[in-house]
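The structure under discussion appears below in the form of structure tokens.
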Amino acid sequence: MPSKESTRANTSAKTSANRFVFQASLPVMFGYIPLGMAFGVLFSDLGYHWFFATLMGLFIFAGAGQFLAVGLLANSAGLTEMFITTFLLNSRHMFYGISLVGKIPNKGVKRVYQIFGLTDETYSLLTSTRLPKWVDPAEFQFKVTLFNQIYWVIGCTLGAWLGGQITFSTAGIEFVLPALFMALAIEQYKNLNKPAPFILALAIGVLTLLFISRDQMLLISILLSMSVLLMIHAGKRWNPQATSSPSSPS
Amino acid sequence: MESAGYLFTVIAVMTAATFLTRVLPFVLLYKVADHHILVFLGKYLPPVMMVLLVVYTFKNEDLASTGFLPELGCLALTAALHLLFKHPLVSILGGTGAYMALVQMGMS
């Protein structure tokens, strides 16, 4: 049986772990609540009960996907069309999974929930945040996912509930998400300490945007970057000298 | 406006489609999680993704005109604040605040 002290120590460790997760996810909160509200306001124009916006935040939990849903609902689109467009729109998520397979320590319901809740922002926090020793990685991963979804559901609900009554100007607040990705990219650089993947992604991203497609920029540039990464990897393996140990003469 | 039943079905269909995109790699690649290709991608894909998500900011901007300058400037400000203060809230809120000010003054 745990002593009172150890229970208390456990509780306070939990509280400070929660505080750490909250602080790490705060930028996502500043992004998700206004963005969720923007979705909710659009959704409320369709005339449905606000509770459906809450349900969509709870179950679909995908920003771009839910904005798409408003458009599809307005056109009373067919279910097959909805399935295919949603799947294609969100297909970039597959690449998040590819780099996280084997890196989710949680099992069972928590694991399924974490996979269900793997948004751009959750993925970014999971792969970029350096954890202090006293924060359990499994607990951190699960709670970041949960906290982020709570922010999103609050935003969707508030937006649909208040609808057109919102009058204060939040124009430009959506920039909080690019700013988050910028800060996390720097954190990634500090962790990795190699400029190559960053330069590669910057070049491919900008070239895709300029010469290939704006609408499909993310998916196309992910596919291109991954192809280049795989070629580099294959090249290194074919030429063992490139990956030889540091002690060998170079 | 369609019936509530239609809406429930739509939510179910979109939930399934979204979840499928997230769960597929875990189902298909679970057994080969420590394969060298996945270990390599696990290391280098996150930084690539983060940079691409940053570049994605410009998807609605005409890169031939100067319309992208506010975004670029505020991203640079975010980066500078981040390197200077080493605190994500300072950099993210600083960059966003600057962008909101620009937008609301009608400069973007």
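The table below gives the values:
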| quantity | calculated |
| --- | --- |
| Number of the exception - residue A:98 against (1) of a type outside the set (Lys, Arg); (2) open to solvent by 60 Å² or more (accessible area, probe 1.4 Å); (3) facing chain B (nearest Cβ under 8 Å) | (2) |
| Test result for residue A:42, facing chain B (nearest Cβ under 10 Å) and open to solvent by 10 Å² or more (accessible area, probe 1.4 Å) | no |
| Residue that is nearest to the chain's Cα centre (by Cα) [pool: residues in region B:1-10 that are within 7 Å of chain A (Cβ to nearest Cβ) and of a type outside the set (A, V, I, L, M, F, W, C)] | B:9 |
| Any hit, region B:79-96, residues being in contact (Cβ under 8 Å) with a residue 12 or more places away in the chain, polar (S, T, N, Q) and open to solvent by less than 40 Å² (accessible area, probe 1.4 Å) | yes |
| Some residue of region A:230-238 being among the aromatic types (Phe, Trp, Tyr) and under 30 Å from residue A:55 (Cβ atoms) | no |
| Residue tally, condition more than 23 Å from residue A:174 (Cβ to Cβ) and of a type in the set (Gly, Ala, Ser), over region A:45-84 | 4 |
| Inter-residue pairs, beta-carbon under 6 Å, first at pLDDT 85 or above and in region A:80-93, second open to solvent by 10 Å² or more (accessible area, probe 1.4 Å) and of a type in the set (Val, Ile, Thr), 6+ apart | A:82/B:13; A:83/B:13 |
| Residue B:54 being buried (at least 23 other Cβ atoms within 10 Å of the Cβ) and of a type in the set (A, V, I, L, M) | yes |
| Some residue of region B:26-43 being buried (at least 20 other Cβ atoms within 10 Å of the Cβ) and touching a Leu at 6+ places or on another chain (Cβ under 6 Å) | no |
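The values are calculated or read from the model by the stated rules, or taken from the named source; none is laboratory data. None of these values were measured; they are calculated from a predicted model. Cβ sites come from the backbone with ideal geometry, for glycine too, and all protein chains shown count toward neighbours. Note: areas computed on protein heavy atoms with side chains; ligands, DNA, RNA excluded. Shrake-Rupley method; radii C 1.70, N 1.55, O 1.52, S 1.80 Å.
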